[in-house]
Each structure stands twice: as C-alpha cells, then as structure tokens.
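Heads up, the thing below is written out as structure tokens.
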Amino acid sequence: MDFANKVVVITGGSEGIGRALVEMMLNSGAKVATCGRKHDKLYQLQTRFPGKPLHVVVADVSNESDCNHFIQSTLKTFGKIDVLINNAGLSMRATVLESDVAAFKRLMDVNYWGTVYCTKAALPSIIENKGTIAGISSIVGYRGMPGRSAYSASKFAMRGWLEALRVEMLQHGVNVLWVSPGFIATNIRSVALNAKGEPIGETPMDESKLMSAEECAMHIIKAIEKRKRAIVLTFTGKATVLITKFFPTFADKYIHRFFFKDGKLIK
Ligand SMILES: NC(=O)c1ccc[n+]([C@@H]2O[C@H](COP(=O)([O-])OP(=O)(O)OC[C@H]3O[C@@H](n4cnc5c(N)ncnc54)[C@H](OP(=O)(O)O)[C@@H]3O)[C@@H](O)[C@H]2O)c1
C-alpha cells in the first residue's frame, strides 16, 4: 500500500483501530494527523514514531470548535488533506428502560456530530485533492442491537449522512465510504457507557477470540485504496447484515437469545 505524500487525518488515533490505522498509514508513507481527548495517550503515541510525520492534537470530536482547530492545525502543518477517517467513537451497554437520556445524547454527539464537524471542516481541501472520506460505522449501523440503542442510532445516522454526501461528492471526484466492523478486540466495550453515562470498566466478551485492530485497519486501508463504497467485516458481521435483510423477524429472536439471559442483558 502506498500513501506516499498523502495527508491522512484519523480521529481517535490513540487507541484501538485508530492507533492501528495511524501506524499502518505512517508505514505506507503518509503524513498523519490524529486527535483524542487525552494528552498523555497522544504523547505516548508520538514517542512510538520518532522522526515520522505525525501531528497530534488534543480534541474532543463532540466539540465543533475542537474539530475546527484540529483540521485547521493539520492544514497549517501539512498544507492539505487527502483522506479523512472518522474513527473516534463511543459505545453504550444498557437498556432503553434503565438509561438516562443524557447518555444517548453523548453517543450522538461523539459518533454522529463528531463525523459531521470534522468532515465539514476538511471537505474543501479533500475536494481540491479528489480525496476520500471514510466513516467507521458498525454492524449496528445496519441492525439495531439491544442494549445499544443510542449506539445503533448514532451509526445509522452516520451512515445515512455519509451516503447522502457520497452522492453529492460524485461530481467532485471524492470517494465517500463507510466501514462496518463486527466485534474487534479493542477497549471499546470497557469504556462503553452504562445507564448513568459512566464507563462500564469491563468487557462482556472474550476479546482474545475477536478480530484484531490491526487486521481491521488493514481492511479499512485496502477499501480506501480501492475507493470502495462500503465494507462489512467479520463472518458474524456479514451474517447479521444478511439475515436481517432477508429474515428480519428471525433475526430479532436470534439476537434476543444472544444478548439476554433470564430477561437480563448479558452482553
Ligand atoms: N471495537 C469494535 O468491536 C468495533 C466494532 C464496530 C465499530 N467500531 C467503531 O470503531 C471505531 C474505533 O473504535 P475502537 O474499538 O478502536 O475504540 P477504542 O479502543 O475505545 O478507541 C477509541 C479512540 O477514540 C478516541 N475517542 C473516544 N472518544 C473521543 C472523542 N469524544 N473525541 C476524540 N477522540 C475520542 C479515544 O481516545 P480518548 O479516549 O483519549 O479520547 C481512542 O483513541 C469507533 O467508531 C467504533 O464505534 C468498533
């Protein structure tokens, strides 16, 4: 993969899929800019790549002026943007009945509005360079999942917004794509919010059995390179999208069995 002289912006690059994307893009010759909320994690990231063209900015993507500052400082540092990967994201695990509405809003602010703010700010430069805008969505962007109602809503919103933008961008030579990973081994389930909007602090999955962040990042980069429209990752992810499309009522029951035991959400 060759991204020599390309400027690639990745939101949420200090952990998980974003960090794997940062590393692979740097190794492919790209100049990379990334952001996250925690200065320490970004500093650690920078020390892993001494001498590499990596620009890091503390920014919360749910804050419009943080996003504008992140994109403007990237333009000042590297002069242009070819690729934007809207990766920063947050999940949740709690039923609608027990959850505070504020937690739902936080998910929309990060996953949906974060994508809108960063994309709007970077769009003129991406159009100039006939580049790419990617959104890291999820299987829950195709299929609402119990305990993840706001996460599902935010990813449906992200996908709908990007699909509309994709068609608007056809005349500008910009490719817009969305990626829907299945379960990937990262921190996302530990930092997911509970009903009160606080981090849960543990994962309900055996993370060692899941696709690695590095493999996921490799699929994302290949899709960007091939200017694909959309990709769905993992066998379970693909099966879920297909079964939902053709047998939605069966899928409802199957998913209920997977996520609930004795009426309680277990995953
Ligand atoms: N892992 C999965 O199973 C899975 C499946 C489907 C889709 N996805 C999607 O993949 C993307 C990456 O997830 P991941 O699994 O790599 O998660 P992760 O390991 O929790 O990493 C999330 C990254 O985003 C940053 N971040 C979180 N909130 C942010 C905010 N408000 N502003 C700026 N940066 C923020 C985090 O840094 P700070 O905490 O320092 O801000 C971190 O660098 C997300 O959009 C997620 O929805 C993941």
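Between Rg and the Kirkwood Rh of region 1-65, both from Cα atoms, what is the Rg to Rh ratio? Don't jump to the answer; show the numbers that get you there.
Values: Rg = 11.2 Å, Rh = 11.7 Å.
That ratio equals 0.96.
Given H placed on each backbone N at 1.01 Å, which residues far from residue 30 in sequence or on other chains put an amide H within less than 5 Å of it?
Here the answer is 3, since their amide H atoms fall under 5 Å of that of residue 30.
Using DSSP H assignments, which helices in the chain have an axial alpha-carbon span of 15 Å or above and a mean Kyte-Doolittle hydropathy of 0.5 or higher?
16-27, 114-128, 235-246
Which one, 110, 176, 101, has the greatest fluctuation when you compute a Gaussian network model over the chain with C-alpha springs under 10 angstrom?
101
Using the Cα centre of the chain as the reference point, and only Cβ charges (+1 on K/R, -1 on D/E), how large is the resulting charge dipole? Debye, rounded to the nearest 20.
520
Report, in whole Å, the centroid distance computed from the Cα atoms of region 150-184 and region 198-212.
25
Do the alpha carbons of any pairs in 226/267; 38/105; 41/105; 6/120; 31/155; 52/228 sit beyond 23 Å of each other, and which pairs?
226/267; 41/105; 31/155; 52/228
Evaluate the distance, in nm, between pseudo-label points positioned 7 Å from the Cα of residue 191 and of residue 250 along their respective Cα→Cβ axes.
A separation of 3.8 nm, rounded to one decimal place.
Before anything else, pin down the relative contact order of the chain: Cα pairs under 8 Å, at least 6 apart, normalised by residue count, whole percent.
Working: 518 pairs, mean separation 48.6, N = 267.
Relative contact order of the chain: 18 percent.
Ratio of region 116-256's C-alpha Rg to 2.2 N^0.38 Å, to two decimals?
1.13
With the dipole of region 7-234 worked out from charges on the C-beta (+1 for Lys and Arg, -1 for Asp and Glu) around the Cα centre, which of 177, 111, 136 lies farthest toward the positive end?
Value computed over the given set: 177.
Kirkwood hydrodynamic radius (Cα pairs, Å) of the chain?
18.7
Ranked highest first by average number of other Cβ atoms within 10 Å, how do 213-222, 37-46 line up?
Most protected by this proxy first, the peptides run 213-222, 37-46.
Please work out the C-alpha center-to-center distance from region 78-130 to region 32-57 and express it in whole Å.
19
Would you mind computing, in nm to one decimal, how far apart the modelled labels at residue 167 and residue 264 are, each placed 7 Å from Cα along Cα→Cβ?
About 4.7 nm, to one decimal.
What would the Debye equation give as log₁₀ I(q)/I(0) for region 62-110 at q = 0.13, 0.22, 0.23, 0.29 Å⁻¹, counting only Cα atoms as equal point scatterers?
-0.47, -0.85, -0.89, -1.13
Taken together, the values in this text are just the output of simple stated rules run on the coordinates, not laboratory data. These numbers were taken from a predicted model, which means no experiment stands behind them. Cβ coordinates were reconstructed from backbone atoms using ideal geometry, including for glycine residues, and neighbour counts include every protein chain displayed.
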